[in-house]
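See below for the structure under consideration.
The values are calculated or read from the model by the stated rules, or taken from the named source; none is laboratory data. Small disclaimer: the values here were computed from a predicted structure and weren't measured. When we count neighbours, we look across all protein chains shown, and the Cβ atoms used for this are built from the backbone with ideal geometry, even at glycine. We work out accessible area using only protein heavy atoms, side chains counted, and drop any ligands, DNA or RNA first. Shrake-Rupley method; radii C 1.70, N 1.55, O 1.52, S 1.80 Å.
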Amino acid sequence: MFPTVRLRRLRRNATFRRMVRETTLSVDDLILPLFVRPGTNVRNPIGSMPGQNQWSVDTLVEEAREIEQLGIPAIILFGIPKMKDATGSQAFAPDAIVCRAVEAVKKACPELCVITDVCMCEYTDHGHCGAIRNNRDGNPDVDNDATLELLVKEALAHAGAGADMVAPSDMMDGRIGEIRANLDDAGFSDVPVMAYSAKFSSAFYGPFRDAAESPPQFGDRRSYQMDPANLKEAVREMELDVDEGADIIMVKPALPYLDVIRYAADEFEVPVAAYNVSGEFAMVKAAAERGWVDEKQCALESLLSIRRAGAKMILTYWAKDAARWLVE
Ligand code: PBG
């Protein structure tokens, strides 16, 4: 008890603080999300995500070289197709944009881990994450089982193009098992699946939907993404994904769901990833632009806290900045 116990003793100087620090953030933990679209020499700034761009394959390759040089181990790719239709056919067309991007980046940077986001919302004209059919109430809704077929085709196209890992983000029931079985049958048994397992229906995805041009054209995603109120249900989602063969489970968003990350890290033996999403990034950016907060300090504190909650990997738009800040 005080005055014998004084916790401030080990906070007195930077060396003590360094010695007793419980959590570390390393460049090894970072995964950078990137958006790729058709064209050449494209570098379209994304208004709601300052510093982030939509790339064409050629500029993406240049960016990938820089990312590799910074020591970042992995990127995750999102595609914006040349045309959208009801079933999102451009997700798995022979010249699918993500497939062309994977091929080009793997050729230029063979050591960089290229993950692909597997979902239909970027490719459908209605902006939902799967095929639409009227439900029993007569309202349009995403048809789970019909969507599984589309997701399998997309995952196989990505793996065939050389993707190092696929990351299904659609939240259909049964998709991890279905994708795993089909990858195995097609000879891709060594391609890991990173499952967006506990993916909540979140307002923090707003800027991403600008970036990927994928806002739902009617309704919202609450019939497939999770209710922010539910932890037990998140645990069931994670259990199912692990049982279906997920190699990595993900919690998304990160900061409003640190308790879910903690639970995942304590209860499951697979590595846990967390997605520090577009809205979490944009909030800090916007406040920093006004001089209200310090971007670097807020970003590093956010990333460290996500690590402390138990995530090994963090998908973050700050990956390049953080890689530089960590060597300073
Ligand atoms: C696709 C997908 C989304 C995000 C990642 N994959 C958007 C959504 O579900 O609406 C969001 C990522 C972010 O906000 O940074 N389903």
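What number of residues in segment 17-49 are within 27 Å of I314 (Cβ to Cβ), free of Cβ contacts under 8 Å to residues at least 40 places away in the same chain and more than 24 Å from the chain's Cα centre (by Cα)? Of the residues in that region, 5 qualify.
I want to confirm something. Restricting to segment 306-328 and keeping residues that are of a type in the set (V, I, T) and within 15 Å of the ligand (Cβ to nearest atom), which single residue is surrounded by the most Cβ atoms within 10 Å (Cβ to Cβ)? Let's see the steps before the verdict.
Step one: list which residues in segment 306-328 are of a type in the set (V, I, T), which gives 306, 314, 316, 327.
Now narrow it down to the ones that are within 15 Å of the ligand (Cβ to nearest atom): 306, 314, 316.
Details: I306: 29, I314: 23, T316: 25.
It comes out as I306.
Quick one: which residue in A319, A273 is closer than 21 Å to Q225 by Cα, within 15 Å of the chain's Cα centre (by Cα) and at pLDDT 95 or above? Step through it out loud before you land on a result.
On the way: A319 fails: closer than 21 Å to Q225 by Cα.
Within the list A319, A273, the selection yields A273.
The numbered conditions (1) modelled with pLDDT of 95 or more; (2) surrounded by 15 or more Cβ atoms within 10 Å (Cβ to Cβ) are all true for L231 except (2). Beta carbons closer than 8 Å, at least 6 apart along the sequence or on distinct chains, never pair a first residue in segment 290-301 that is part of a helix (DSSP H, G or I) with a second that is surrounded by fewer than 13 Cβ atoms within 10 Å (Cβ to Cβ) and modelled with pLDDT under 95.
Provide a single number: the residues in segment 206-227 that are under 19 Å from the mean Cα position of the chain (by Cα) and open to solvent by 70 Å² or more (accessible area, probe 1.4 Å). Working first, answer last.
Kept after step one, since they are under 19 Å from the mean Cα position of the chain (by Cα), are these residues of segment 206-227: 206-216, 221-222, 224-227.
In the following step, the residues that additionally are open to solvent by 70 Å² or more (accessible area, probe 1.4 Å) were identified as 210, 213, 222, 227.
Count: 4.
Got at least one residue in segment 83-99 being β-branched (V, I, T), more than 16 Å from the ligand (Cβ to nearest atom) and open to solvent by less than 30 Å² (accessible area, probe 1.4 Å)? Within segment 83-99, not a single residue is β-branched (V, I, T), more than 16 Å from the ligand (Cβ to nearest atom) and open to solvent by less than 30 Å² (accessible area, probe 1.4 Å).
With the condition kept exactly as written, say whether any residue in segment 298-305 is within 16 Å of the chain's Cα centre (by Cα), within 15 Å of the ligand (Cβ to nearest atom) and within 26 Å of A181 (Cα to Cα). No, every residue in segment 298-305 fails to be within 16 Å of the chain's Cα centre (by Cα), within 15 Å of the ligand (Cβ to nearest atom) and within 26 Å of A181 (Cα to Cα). Pairing each residue of segment 250-263 that is under 21 Å from D117 (Cα atoms) with any residue that is open to solvent by 60 Å² or more (accessible area, probe 1.4 Å) and within 16 Å of the ligand (Cβ to nearest atom), provided the two are 6+ apart or on different chains, yields C-beta distances under 7 Å for P253/F204. For G71, the criteria (1) at negative phi; (2) open to solvent by 10 Å² or more (accessible area, probe 1.4 Å) hold in every case but one, which is (1). Determine, yes or no, whether D170 is at pLDDT 95 or above, within 15 Å of the ligand (Cβ to nearest atom) and either touching a Cys at 6+ places or on another chain (Cβ under 8 Å) or of a type in the set (G, A, S) (or both). So D170 fits the description; yes.
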